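The values are calculated or read from the model by the stated rules, or taken from the named source; none is laboratory data. Predicted model only: the values in this text are computed from it and were never measured. With ideal geometry, Cβ positions are generated from the backbone for all residues, glycine too; neighbour counts draw on all protein chains shown. Only protein heavy atoms, including side chains, enter the accessible area calculation; ligands, DNA and RNA are left aside. Shrake-Rupley method; radii C 1.70, N 1.55, O 1.52, S 1.80 Å.
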Amino acid sequence: MRSREEVEATLHIAKLKPAELLPPVHCLSFSPRASAGECCLLQLEPGLCAELEAGRSLVIRGDKDEQAVLCSKDKTYDMKIADTSNMLLFIPGCKTPEQLLVDQASCNVIHTQIAGFSNNYWELRKCRPKLKKLKKLLMENPYEGPDSEREKALTDSKYTMEDLLDRIQASEEEILHQLQVINACKIEGYWRVLEFDYEMKLLNHVTQLIDSESWSFSKVPLSICLQELGSLEPKEMIQHILLSYGKKYTDEDEVYFEMNADKICTATAQMLLQNAVKFNLSEFQEVWQQSVPEGLTTRLDQLKGLALLDRNSRPETIFLLKVEDLPEDNQERFNRLFTVREKWTEADITPYIQDLCAEKQTVGALLTKYARSSMQNGIKVYNSRRPIS
């Protein structure tokens, strides 16, 4: 145990002036039980510190074959180990200089044992939630209607929110938002997606009723829909399809839905394209317009992220290419796209890479990193930076 005199003698040898230092002195020694690897350090941004101080939890998520992520209530962070050349010491009850200035009684030699040490810490970086797996899990057992449900085994895959939180590398709010994006619904406590043909069957019931009643697509009454269609399908499913393809509002205490024309046209296009490898573009546009409910107008911009046009073929063609079916990893996504087509214009590729953009990142920045540009017939096109097998 060092005395004050021994400390001052050491300072003198080191040519340090005691007057330029705070009076308290920490004399450190290693505890017999001190070792590296027993504790992990995590560097947190102020917002995450506030989460913990408020009593909320941070959760590390990921299966054995996945890179771990850390999730708060509404954000997801990549976890990377950062090495440091300075040894980091764990000292229980250690006081900062500010605390020592307040506590003048501590102005003496403080003998402290080091409980542990580390040469690295976990660094967090905000990242996109990894949500592709969510649709994949729910598509293991899509909901095909009450009749098919009775025929299915009880052991078929179904997931509660707790199950999804265990399996999906995303925060709860991000998962809930994505469930809304993919038109999932809760049935008997489990999150389900509708099988596409059943979804289109429900949508057709609604659009046919709108047509027969001569309603405006901007004012579809919920109560009459449930009353008229309730004998054909469960009322919960009728309401779900209205929520999926419309916006709910109230007028004079009556609940109405303003139907989204673009969503209805897009779903109809998917129904037409899913059974064809390629479709003659002009023929497709004609059939598409004939297939949507009367009063709705189809436009090619409704197909962004769903289908790809080939303007160079004769005749021009169109085929299904859904952004949701592409890989989540940036490099893998670009590899797949350049396999589908060697050269892309920015307008054509943007719907397929927009979701990869990090916070404050542009599509142009992504293209600069993963593609090479050139001019073709006066138009800027992008191709892969690396050979595609």
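Please label the shape of the chain as rounded, prolate or oblate, based on the square roots a ≥ b ≥ c of the eigenvalues of the alpha-carbon gyration tensor (a/c under 1.5 means rounded; beyond that, a/b larger than b/c means prolate, else oblate). Cα axes put the chain in the prolate bin. Under a 5 Å amide H cut-off, with hydrogens placed 1.01 Å from N, Q169 pairs with K130 among residues at least 5 apart or on other chains.
Pairs K235/K278; K75/K158; K73/K186: which exceed 27 Å Cα-Cα? Checking Cα-Cα distances, K235/K278 exceed 27 Å. Per-residue packing, averaged as other Cβ atoms within 10 Å, sorts the ranges 94-101, 349-356 into the order 349-356, 94-101, beginning with the highest. Answer rounded, prolate or oblate for the stretch 242-389, using the Cα gyration tensor with square roots of eigenvalues a ≥ b ≥ c: rounded when a/c is under 1.5, else prolate when a/b is larger than b/c, else oblate. In terms of gyration-tensor shape, oblate. Close amide H partners of T317, meaning residues 5 or more places away or on another chain with modelled amide H under 5 Å apart, are L281, D310. Sorted on the mean count of surrounding Cβ atoms within 10 Å across their residues, most packed first, peptides 61-67, 109-115 read 109-115, 61-67. When D262, D78 are compared by accessible area of protein heavy atoms, the largest-first order is D262, D78, using a 1.4 Å probe.
Amide H of I60 versus every other amide H placed in the peptide plane: which residues, excluding those fewer than 5 positions away on the same chain, fall under 5 Å? Counting only residues 5 or more places away or on other chains, the set is C71.
From largest accessible area down, sort S118, S85; use a 1.4 Å probe on the protein chains.
Highest to lowest solvent-accessible surface, that is S85, S118.
The heavy atoms of Y190 present about 80 square angstrom of accessible area, all protein chains included, probe 1.4 Å. Apply the a/c threshold of 1.5 to the C-alpha gyration tensor of the stretch 6-52 and tell me whether it is rounded, prolate or oblate. It is oblate, given that a/c is not under 1.5 and a/b is not larger than b/c.
Accessible area per residue for the chain in Å², computed with a 1.4 Å probe and the full protein assembly in place, what is it? With all protein chains present, the chain gives 60 Å² per residue.
For the pair K263 and D211, the difference between a 0.36 nm per residue extended length and the Cα-Cα distance amounts to 17.0 nm. Remark: the stretch 297-310, residue by residue, has Karplus-estimated 3J(HN,Hα) of 10, 8, 9, 5, 5, 6, 9, 4, x, 10, 9, 10, 8, 10 Hz, where x stands for each Gly or Pro and the curve is 6.51 cos²θ - 1.76 cosθ + 1.60 at θ = phi - 60°. Share of carbon and sulfur in the accessible area of the stretch 111-263 stands at 45%, probe radius 1.4 Å.
With every protein chain in place and a 1.4 angstrom probe, the accessible-area ranking of W344, W191, largest first, reads W191, W344. Summing +1 for each Lys or Arg and -1 for each Asp or Glu among the other residues whose beta-carbon sits under 14 angstrom from that of I238 gives -1.
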